[in-house]
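The structure under discussion appears below in the form of structure tokens.
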Amino acid sequence: MKAKIAFIALAMATTAPAWAAEDPIGDLSKITGLTERKVQMVLGARTAFAEYPYTYDRSLHKFVAAVGKDNYYRLMNGESVALRDKEGHQYIVQIPRDVAGDKAL
């Protein structure tokens, strides 16, 4: 019985499941290495954040480098994108249009 449980646990650990994003900002934070606040700044209205004149360009560059330019454009268009974090977990992320707005790189 213990061997069966161990085998199931091993099988679950080795497969990289895709999680539907219930918290897309948190998932993008894990994937990009940015804080949730900076992810919100990059995706939404940046002027609402006092630190944006100093950190926006650097955060945007890091975000695009982590997710890829094509995936960034897809996210900003409201499409769903499959991304992997550093640990190999796959996330399916979609940003609502009201969060992303009509921004472009």
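Computed quantities for the displayed model
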| quantity | calculated |
| --- | --- |
| Hull shadow area, averaged, segment 30-72 [alpha-carbon convex hull, nm²] | 2.8 nm² |
| For peptides 60-68, 35-43, sequence by mean Cβ density within 10 Å, most packed first | 35-43, 60-68 |
| Unit charges on C-beta of K, R, D, E only; dipole of segment 56-96, Debye | 100 debye |
| Kirkwood Rh and Cα Rg combined as Rg/Rh, segment 21-96 | 0.94 |
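Rule-based calculations on the coordinates, nothing more; no lab input. Every value quoted in this text rests on a predicted model; they were computed, and no experiment measured them. As a convention, Cβ positions derive from the backbone with ideal geometry for all residues, glycine included, and neighbour counts pool all protein chains shown.
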